[in-house]
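The values are calculated or read from the model by the stated rules, or taken from the named source; none is laboratory data. Only a predicted model underlies this, so the values are computations on that prediction, with no experimental measurement involved. Cβ: placed from backbone, ideal geometry, glycine included. Neighbour counts: every protein chain shown. Each accessible area value is taken on the protein alone, full model and side chains, heavy atoms only, with ligands, DNA and RNA left out. Shrake-Rupley method; radii C 1.70, N 1.55, O 1.52, S 1.80 Å.
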Amino acid sequence: MEKLIIFLPLIAAIISGFLGKIIGNKASQITTSLFVSISALLSIYVFYDVINNDYTNNVVIAKWISSGLLDVNWSIKIDQLSSVMLVVVTLVSAIVHIYSIGYMSNDPHQPRFMSYLSLFTFAMIVLVTSDNFLQLFFGWEGVGLCSYFLIGFWFKKPPANAAAIKAFVVNRVGDFGFALGIFLVFYVFGTLNYEEVFNQVSLFTDKNLNFLGIELNAINLICFLLFIGAMGKSAQIFLHTWLPDAMEGPTPVSALIHAATMVTAGVFLIVRCSPIYEYSPIILNFITIIGMTTALFAATVALVQNDIKKIIAYSTCSQLGYMFFATGVGAYNIAMFHLFTHAFFKALLFLGSGSVIHAFNDEQDINKMGGVYKHLPYTYTLMIIGTLALTGFPLLSGFYSKDLIIEFAYLKGNVTGYFACALGIFTAFLTSIYSWRLIFKTFHGEYNNKNQPISRIHESPLVMLAPLIILAVGSMLAGFIFKDLFMGYGFFADFWKNSIFFLEPLSSEHPPQFIIYLTPILVTISIPFSYYIFLKNKSVTNILVDTNKPIYYFLKNKWYFDELYDVLFVKSSKFLGRYLWKKIDGLIIDRFGPDGLSTLFKYFSIKAVKFQSGFIYQYAFVMLIGFSLILTIIIFN
Amino acid sequence: MNFPILSSLILLPTIGGLFILFSRSSSNYNGAKYISLFISLANFFLSLYLWYVFDSNSSEFQFVEERIWLKGFINYKVGIDGISILFIILTTFITTLCIISVNSTIKYRLKDFLVAILLMETMMIGVFCSLDLVIFYLFFEAGLIPMFLIIGIWGGERRVYSAFKFFLYTLLGSVLMLVAIISIYWIAGTTDVIELYQLGIDAKYQNLLWLAFFSSFAVKTPMWPVHTWLPDAHVEAPTAGSVLLAAILLKMAGYGFIRFSIGLFPIASEYFVPLIFVLSLIAIIYTSFVALVQEDMKKLIAYSSVAHMGFVTMGIFTMTPQGIEGSIFQMISHGIISAALFLCVGVVYERMHTREISKYGGVVSVMPRYAVVFMIFTLGALGLPGTTGFIGEFLILLGTFKVNFIVATIASLGVILGAAYMLWLYRRIVFGEINNAEVKKLVDLDRSEMIILTLLAFLSILFGFYPDPLLSTTSVSVESLIDLFNMNIKIYTANTL
């Protein structure tokens, strides 16, 4: 059955990819959606089995690489952690597949699109069910590849192509760290198999490596390098620049890959490697800092963006930051919880915004929308649900997971913990403001679109709305239902078993009351507050912008990361390349190498030719000189 | 086994070549093509049969043939182990594909062109199974001549300059190797490789001899800074020439490093590891930056070849099983992928008659099948897991990390750059709107192109997912080579203490 879960999406991708032209649009849509849906149902069954019967399994499919001591297999590992991921991946994927049937209905390359989606699903499943670091890396690059294909799906658009390459290359920077991490794991432990590695960690906590004269702890270094990989894939600050650009891809892609599944792979990696991370408190603190910085940074940028998808993209970035700082404070299960709930409401928001974009004929600027809530009643309601869930409105799913993260940050009890807790609360407030800004600007106020009359705005077809409804149900209930499971309370006591490792059990105390109540209160207050500043009295925002121009532009330009990187990496690489090519290769190596040599030979041969002038007296003269030279040498010796 | 299978492999293409050369039907171009195709195919199946009967659990040289040539001085001696056999199959395979790919692009003297390719095949196979240094040298150098002619006669506008540059570079290195081989004869009394492995060469001579061999191999690899002949040679060579050059000719040097530098001069090899690492790193990083700004498709791929071969030389001198097996794998993989990339360039070059990247754009709209196969090779070249490119690079880096993790770290940076230049190349050619009216007239792959490229794509994915047939063929031989190396080092350090 595990094999079916994995291979159904692959088969679907192959059928749709290679036979798409023959079997037609409809058939390839149905095949891919059906196969992935079956895979999703099976995953849910497996999840159920894991919960009730503690089912775990490790199937070896085939041998992959074996060289010297290295032995790596293709395998499927089912445990608590991977079963949760399986459900998230296949379920959201199935929903997005169905949604795409409607969303992409006017696209000339539908089979190709569906094929990529299924292929992505396959790669993601390979990633989460791996039992070793190398297969994980395979899936990791595989999802990156599909993301590259899907971002650049509209290959005629130059920005889409640029964004696709950017995504791939920036991810490669992360993968560079990840790969080094894998090498180091093999170097230290002599294997890449999770279990074998995790069993040995406690023996190697004192192992040091000498790096340029500095002694570094091997475990710390491994954790750091793996985290670099996670930062790339999960768009954490410094390696986040690809994610907002990735919005050039079709919206279902953004929902599946850039919100619910692929970008959470980094979080999954850290959680999977919790047996290593638990021995590296320094790196855990580092993760906390990066996570909360990202959460804050992305939220501030989201405040001033005007592209509906970019706002949600930055929001994703920010929520991923939350997940990371949850892992950083050691609350791996809570990070998984937030990952789980986030998948529902963020996919919902993306697909909802897709529905809006669809209605506005591919318009994405929220300044050119407004006042359409009556024309898009379902989309509007669903987006509201998504927004409430995201902001952590009481009793919706985001409320449970986000509050738990903030609580556990507090309970960590060290400086970074308190700091993360404070920033987490503040960011939750910002999240609420930018999310409501999006809602108010998109659906309320005046209709601002000059390209088409308001009467043309129409609700999306059922095939697009039905998936949204499933996600909305998830966004409302997932938190409440699965709270105990992820926490490991009550009936689900010790759900995680060995799949997540805690060196010391998580604190079961309760933080002070005000911490628990502060976030929901702020979140609730922010609704009327945003309503006032973004809708009722717009002069407030205008004054704010006018008085704080530098800050506004700083945020608007996303903290100038793109500009900085362009100068630092893109332009300088090209300059360096040109310099090495023209100056070193051309002017030094060739000039003094082959070209120099041939001119040298030519020079001497011309001299030699001149030498043979044919005049007897010249030859006689040379002979005379030579003769006297030899004579002199003999005499002096 | 009495049938001289290796000699047949070596001689068959020459016999075929001579037959074509002297056959009367000079006007019948197709005839010549079918004869050479038949011969190369026969040779390919023969080499597959060889692989089938080859015993990969033995570290001994197999199918050894020995014939007296100059009595008491040089014997004709050939034989193979797990390292050479893969290169032989690569040679017969790529040669066959090259002959299939030859078509209307070769406008004159097609017969002679095919003869040159077949002679090349003989020389290459000879290189990979020689067990005598003199024989090796003869094959190694003779292989230059057909290549020189291919570039010089059927090349582009600056073909004469490129051909001479190529010849000058490679010959200069080789002269030193010849001197070294003669010295070895005087020092050890034999040029028989198996005997030399057992006898060992006195440590005091090793450094000089190693350098002499190195000068020849470094040029052919090519390593920085003697790499500048490669881009020029590739740019001027006709497609089939580029393919042979990239896929097989460059591998002779890597093979030479493994078989001779490490096998014969272990102590010197150990001594020169830092030199190799530094030059390899420069090759990887430097040429990747250069590749980034190339405007000519072939030049870009040529520079990327230098970077890939940088990984190979680095991996070989880690002296770890992963490093060396990875290097062999990387060479085979590069043989498949670079051959395919040059064929891909050839495909559009034949139609558009330009290699300038900026003249293209939007090719996917008119050549969708081409876009798919080209994508697979692009991904292979940037080392995506699931393609052969990944396995090689991964094993090499894993091996290098064990020896020196700073080197491995720097080399891994090349992987980022590799992604950048390959994807950018692909994007500029294949994606985007069509701006050039010429592009609109392009026709998608024809049947023979489709067969060749799909076959290569299939192989690069197959061995990416299931590299075991290749790895298990080499592993025993590589391990025995490393054992030999370690034993030598141990004896040497024991003696010097």
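Below, the figures for the structure above:
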{"read-out": "Sequence-distant lysines (8 or more away, or on other chains) whose Cα lies within less than 19 Å of A:Lys538", "value": "A:Lys368, A:Lys441, A:Lys549, A:Lys556"}
{"read-out": "The range A:322-409: trypsin sites (Lys or Arg not before Pro) falling in loop per DSSP and having at most 16 other Cβ within 10 Å", "value": "A:Lys374"}
{"read-out": "Lys/Arg +1, Asp/Glu -1 at C-beta; the protein assembly as shown dipole; positive extreme among A:Met336, A:Ile584, A:Ile481", "value": "A:Ile584"}
{"read-out": "Per residue accessible area in Å² of the range B:125-208, where ligands, DNA and RNA are left out and the probe is 1.4 Å", "value": "41"}
{"read-out": "Relative contact order of the range B:286-428, defined on C-alpha pairs under 8 angstrom at six or more residues apart (%)", "value": "33"}
{"read-out": "Gyration tensor verdict on the range A:1-125 (Cα atoms; rounded if a/c is under 1.5, prolate if a/b is larger than b/c, oblate otherwise)", "value": "oblate"}
{"read-out": "Residue-averaged beta-carbon neighbours from other chains (10 angstrom radius) around A:574-580", "value": "6"}
{"read-out": "Taking the C-alpha atoms of chain A, convex hull volume expressed per residue in Å³", "value": "262"}
{"read-out": "Per residue value of the accessible surface for chain A (all protein chains in place, 1.4 Å probe), Å²", "value": "40"}
{"read-out": "Bins of 5 Å from zero: percent of alpha-carbon pairs in the range B:280-497", "value": "1, 7, 15, 17, 17, 14, 10, 7, 5, 3, 2, 1, 1, 0, 0"}
{"read-out": "Charge dipole (debye, nearest 20) of the protein assembly as shown; +1 at Cβ of Lys and Arg, -1 at Cβ of Asp and Glu", "value": "3320"}
{"read-out": "Shielding of A:168-174 by partner chains, average beta-carbon count, 10 Å", "value": "5"}
{"read-out": "In the range B:133-181, the trypsin sites (Lys or Arg not before Pro) that fall in loop regions by DSSP, at most 13 other Cβ within 10 Å", "value": "B:Arg158"}
{"read-out": "The range A:471-603: equivalent-ellipsoid semi-axes (sqrt of 5 x gyration tensor eigenvalues, Cα, Å)", "value": "60, 33, 14"}
{"read-out": "Mean Cβ neighbour count within 10 Å, used as a protection proxy, ranking A:567-580, A:386-399 highest first", "value": "A:386-399, A:567-580"}
{"read-out": "Global geometry of the range B:350-476, whether rounded, prolate or oblate, following the gyration tensor of its Cα atoms and the 1.5 cut on a/c", "value": "oblate"}
{"read-out": "Residue mean of other protein chain beta carbons inside 10 Å, A:177-183", "value": "5"}
{"read-out": "Of B:Gly323, B:Val345, B:Met309, farthest towards positive along the dipole that unit charges on Lys, Arg, Asp, Glu beta carbons give the range B:280-497", "value": "B:Val345"}
{"read-out": "Intensity falloff of chain B expressed as log10 I(q)/I(0), Debye formula with alpha-carbon point scatterers, at q = 0.05, 0.09 Å⁻¹", "value": "-0.17, -0.57"}
{"read-out": "For peptides A:604-611, B:265-272, sequence by mean Cβ density within 10 Å, most packed first", "value": "B:265-272, A:604-611"}
{"read-out": "Accessible surface buried upon A-B contact (total; probe 1.4 Å; Å², nearest 100)", "value": "5200"}
{"read-out": "Reachable lysines, given that their alpha-carbon falls under 30 Å from the alpha-carbon of A:Lys63 and they are not under 8 places away in the same chain", "value": "A:Lys3, A:Lys77, A:Lys233, A:Lys497, B:Lys251, B:Lys402"}
{"read-out": "For the range A:303-351: rounded, prolate or oblate by the Cα gyration tensor [a/c cutoff 1.5]", "value": "oblate"}
{"read-out": "Kyte-Doolittle at least 0.5, axis length at least 24 Å by Cα - qualifying DSSP helices, chain B", "value": "B:5-22, B:29-53, B:82-101, B:110-129, B:159-188, B:203-220, B:273-292, B:297-316, B:321-352, B:405-430, B:447-465"}
{"read-out": "Normalised contact order of chain B, rounded percent, pairs of Cα under 8 Å and 6 or more residues apart", "value": "15"}
{"read-out": "MRE, 222 nm, helices only [DSSP H, n ≥ 4, -39500 (n - 2.57), over the protein assembly as shown, to nearest 500]", "value": "-24000 deg cm²/dmol"}
